[in-house]
Amino acid sequence: MKSNLFKYVFIIFAIGTMIFAIVKIKKDEKNEGEQVVETTEEVQEEVRELKLGVASFDSINPILSQNKNIQDITKIIYEPLVTLTQDYKLEYCLAKEIAKQNDTVYLIKIRDDKKWSDGRKFTADDVKYTIDSIKGINTIYTPNVQNIATVEVVDNTTIRITLVQEVPFFEYYLVFPILSSAYYSDKEFVPDIVPTGTGMYKVSDVQEATLILTKNEYYPEKEELKLNKIFITTFATVGELYNAFKIGNIDLISTQNSSIKDYIGTIGYLSKEMKGREHDFIAFNTQSHILSQASVRKAICYSIDKSNIVSSIYGDNYYTSSFPLDYGNWIYQEQDVSLGYNIEQAKQILVDDGWKFQSRQWQKTANHRTQRLYLNLVVKNSDAGRVNVAENIKNQLLNQGIRVNVIKASDVQYQNYLNNKNYDMILCSMNLSTTPNLTTFFGANNLANYSNEEVNNLMNEAKNTNDDAKLKEIYKRLGEIYKTEMPYLSLYNNKYTVAYNTKLAGTMEPNWFNQFYNIQDWHK
């Protein structure tokens, strides 16, 4: 009887031991799984840093630096009165209202909720101080303020700007960064001054060749910023910067170098490419004997294959363009004023206008006088790439029976041609403005000697309206006139490239004005 009792007790004890062991194993497994989750979360939380690089560092002061990469980076430290969206549309930043009182006077109300990264309140004095400072030195922002005659502080949140002369779309020139008058007024503009700004991030430390940015605690939307730190490492050469990117020590680089892939390869990163502000075009002298005829200008435009130029001369490292604003500008993006490449259409235009193809060239007889399509094309001899472009255009037009003499002018001669307008065609290049103003192309003394009363009226309407829908209508009509009369032939724009680490997440929508749109969402 006792033996059976002991037997039952032993069996119960054994079963209990097994149950305890199973429960403990399950609990340990659960705890171990929970620990893995916690560790993963900690790693994700720690990776909130961005590594940037700058070659040939000159100054972190935004109105002193001549370095495009620094100018981009300072956009997250400093803020302007107005800025531009991804499609180059004007948007208020430190300014909250701009009123045009007359052709030369603007009243600007600034935000009263902004503070500098040292806690001081942002005021109208800071705006005046910045404009006066820019006017007193030679900087990339000098053109932005060159037509400002006076800046008057009306009160802490209001300034009045008076211009020397009327400037169409003057508001677009107010994109320069604003400096702190209290911070800089007693300091020289030297590279080693740690700046204070009103932007998202501030310079919190400098360690050897690296600047460390952290969140600006006085930035109103600081809680929305996902990146806790941004490291900016300086390099002696661009080659060193590219190598650092290739091995992963830098998360993002931006460049206007059209051959960037030759340096960093084509794999191991993501990239965004967009049209840059460098715009090449042909200006037709619409007052010259032959090119005063719109039919001839249009025939020439149809006869030039821009894709052939970009491919054969620049290895497809440029974008073809059809209009000065054809770089993603919100006013232009819904239309296309390019005639395109169509040699048969070119021939038909000439035939319809009375031209005949004889003796391997186009001729036209009027009043017992014979005209031949023989034109001069001026190009700057010091620019080997554009000389090759001119030769390419010459050969393309020759195949169409239009003879061209390429004049390779010295820099001084080229400028004389521009000043005197004594050319048939001239190959031009310019850095486009941030404004949608087309005065360079259609205003008085323009490069094409072009005059059109309707165009003049449209441009006057454009500079005096703030109605976006009206502006689009005006520019649509300007495009239609351009396509009909072709005083210019837009050729191509350079490429601007932003390359970045595959682990960098968020919305990347850069343009040549700013590479850091949506940086508040970036993370790794």
The chain - mean residue ellipticity at 222 nm from DSSP helices (-39,500 (n - 2.57) per run, n ≥ 4, rounded to 500): -10000 deg cm²/dmol
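In Å², and per residue, what accessible area does the chain have when probed at 1.4 Å with the other protein chains present? Don't jump to the answer; show the numbers that get you there.
Numbers: 25440 Å² over 524 residues.
Accessible surface, normalised per residue, equals 49 Å².
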Label point 7 Å beyond Cα of Val351 along Cβ direction - residues of the stretch 369-404 with amide nitrogen under 17 Å: 400-402
Modelled label reach - Asn102, point 7 Å along Cα→Cβ, the stretch 157-171 residues with backbone N closer than 15 Å: 161-167
Amide hydrogen neighbours beyond the local backbone of Arg120, cut-off 5 Å, H modeled: none
Cut-off 12 Å, label 7 Å out along Cα→Cβ of Asn392, residues of the stretch 491-517 by amide N: 491-493
Option label - mean projected area of the Cα convex hull in nm² computed here, alternatives (1) 30.1; (2) 38.1; (3) 28.9: (2)
Spacing of the two label points (7 Å from each Cα toward its C-beta) at Ile137 and Thr210, in nm: 2.8
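I'd like the carbon and sulfur percentage of the solvent accessible area for the chain, probe radius 1.4 Å, heavy atoms only, ligands and nucleic acids excluded.
The value for the chain is 48 percent carbon and sulfur by accessible area.
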Pairwise label distance in nanometres, Asn376 with Asp316, each label 7 Å out on the Cα-Cβ vector: 3.8
Extension gain (nm, one decimal) between Lys246 and Glu480, 0.36 nm per residue minus Cα-Cα: 79.6 nm
Order by protection proxy (mean Cβ within 10 Å, highest first), peptides 360-366, 121-127: 121-127, 360-366
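Could you pull out the pairs from Lys89/Lys298; Lys75/Lys246; Lys128/Lys215; Lys75/Lys121 whose alpha carbons sit more than 21 Å apart here? Walk me through the intermediate numbers first.
Working: Lys89/Lys298 31 Å; Lys75/Lys246 25 Å; Lys128/Lys215 27 Å; Lys75/Lys121 19 Å.
Exceeds cut-off: Lys89/Lys298; Lys75/Lys246; Lys128/Lys215.
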Thr85 paired with Gln287, simple spin-label distance in nm, labels 7 Å along Cα-to-beta-carbon: 4.1
Gain in span if fully extended, Gln66 to Asn399, counting 0.36 nm per residue against the direct Cα distance: 115.4 nm
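The values are calculated or read from the model by the stated rules, or taken from the named source; none is laboratory data. Keep in mind the model is a prediction, meaning the values are calculated, not measured. Neighbour counts run over all protein chains shown; Cβ positions are idealised from the backbone, glycine included. Please note that ligands, DNA and RNA were not included when accessible areas were found on the heavy atoms of the full protein model with its side chains. Shrake-Rupley method; radii C 1.70, N 1.55, O 1.52, S 1.80 Å.
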